[in-house]
Amino acid sequence: MSGVAIPHIRRSHGTRVISEFFSMQDLGPDSADFLAEVSRIRSRDRGQSLGLSVMRSAFFLIDGCVSEQVGGGKLRLWREVMLFEGITDMPGPLHYPDEPPHPIPNRRSIVYGTCLSRCMFVEVPNSKLASLVMTDPGVAMMLARMATKRQSLTERLYAVSRANPIARVASVLAYLTETTRRNMVRTREDGALVMTTTEELVASGPSQADIADALCLGRATVEKALSELRQLGALRAFGPGERTNRCYPVKDPDVLRMIAMGG
């Protein structure tokens, strides 16, 4: 692992978190518990570099938002349940001991990028994961599903597209949207102002510049698209004193999805 040293959560709590995560990926209890025993939790604060050594371990993003640097200076924005690994590019799980490994061109060893929020990863040693892939079809299927999801999102969100900028920005925001809680002031029936909490859908983490780089658009184009999304009622306008940086509250998720599909 390169970069700043990363603290990890206490083993007892971390093991439970990891087991619950893999159970949610449709793994059986035995497989989930085995992965929990050989894995550990890694956490990084917002703004820290990614620097994941995927030649040594696979990393499952289980909370947070990251920007990944890819070829040509482009970015890809990812949120939780995203896999960063080299195991599907390695010959280990795919060849028998008597066969020589097949050469793998352009295998990456480090995934570079930035944590756009506080992030939590599950780190699984490649040797353990490769061994389990060969003996447990459920683990192999889980990795295949995650790889397919990554490829599908890459093609849908970040590939060259003829869609207009507002639809492309809407697609990324719809993908990044999650439920969050915020404090707000409301007026009681007696007229008193009270502080309360409310839940809403928010896409948060990337700046307008991050979105522009991910979509290969100009920053002014992204700023204009965000303004249009607010005018169309897909995004909520900000109230006085609200956080506006790297935060995109959703007013109507159905409208946002419709715009993302070109409607």
Fill in the blank from the handout: Nearest-0.05 FRET efficiency for GLU223 and ALA163 at R0 = 22 Å, using Cβ-Cβ distance, is 0.75
Practice task
Could you order ARG145, ARG246 so the one with the most accessible surface comes first? Probe is 1.4 Å.
Solution key: ARG145, ARG246
Problem - Neighbourhood charge, 11 Å Cβ-Cβ cut-off, centred on LEU143 and excluding it, Lys, Arg +1 and Asp, Glu -1 - result: +1
Problem - Label point distance in nm, SER207-MET24, each placed 7 Å from Cα along Cα→Cβ - result: 3.0
Completion exercise
Simple SL model, points at 7 angstrom along Cα→Cβ for ARG16 and ARG56; separation in nm is 2.9
Exercise for the section: Give, as a single signed number, the net charge of other residues whose beta carbon lies under 10 Å from the beta carbon of LEU157, with Lys and Arg counted +1 and Asp and Glu -1. Expected result: +2
Handout entry: 3J(HN,Hα) from dihedral phi, segment 32-38, Karplus parametrisation 6.51/-1.76/1.60, rounded to Hz, x for glycine, proline
Key = 5, 5, 5, 4, 5, 6, 9
Exercise for the section: Could you pull the accessible area for LEU157 with a 1.4 Å probe, rounded to 10 Å²? Expected result: 0
Fill in the blank from the handout: The ³J(HN,Hα) series, computed from each phi in segment 69-83 with the Karplus coefficients 6.51, -1.76 and 1.60 at θ = phi - 60°, rounded to the nearest Hz and given as x for glycine or proline, is 7, 10, x, x, x, 7, 10, 10, 9, 10, 10, 4, 6, 10, 9
Fill in the blank from the handout: By accessible area (1.4 Å), largest first, ASP63, ASP30 order as ASP30, ASP63
Problem - SER109 versus SER131: modelled label distance in nm, points set 7 Å from Cα along the beta carbon direction - result: 2.4
Problem - Nonlocal amide H pairs with SER57, under 5 Å, H built at 1.01 Å - result: ASN126
Practice task
Please give the FRET efficiency for LYS251 paired with GLU80, using the beta carbon to beta carbon distance and R0 = 35 Å, rounded to the nearest 0.05.
Solution key: 0.90
Handout entry: Residue-span extension gain [GLN48 to CYS216] - 0.36 nm each, minus C-alpha spacing
Key = 58.1 nm
Fill in the blank from the handout: Spelling it out for CYS65: with amide H atoms placed in the peptide plane at 1.01 Å from N, the residues 5 or more places away or on another chain with amide H under 5 Å from its amide H are LEU116, SER117
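The values are calculated or read from the model by the stated rules, or taken from the named source; none is laboratory data. Small disclaimer: the values here were computed from a predicted structure and weren't measured. Because the Cβ atoms are built from the backbone with ideal geometry, glycine has one as well, and the counts that use them run over all protein chains shown. Side chains are part of the model used for accessible areas, which takes the heavy atoms of the whole protein and leaves out ligands, DNA and RNA. Shrake-Rupley method; radii C 1.70, N 1.55, O 1.52, S 1.80 Å.
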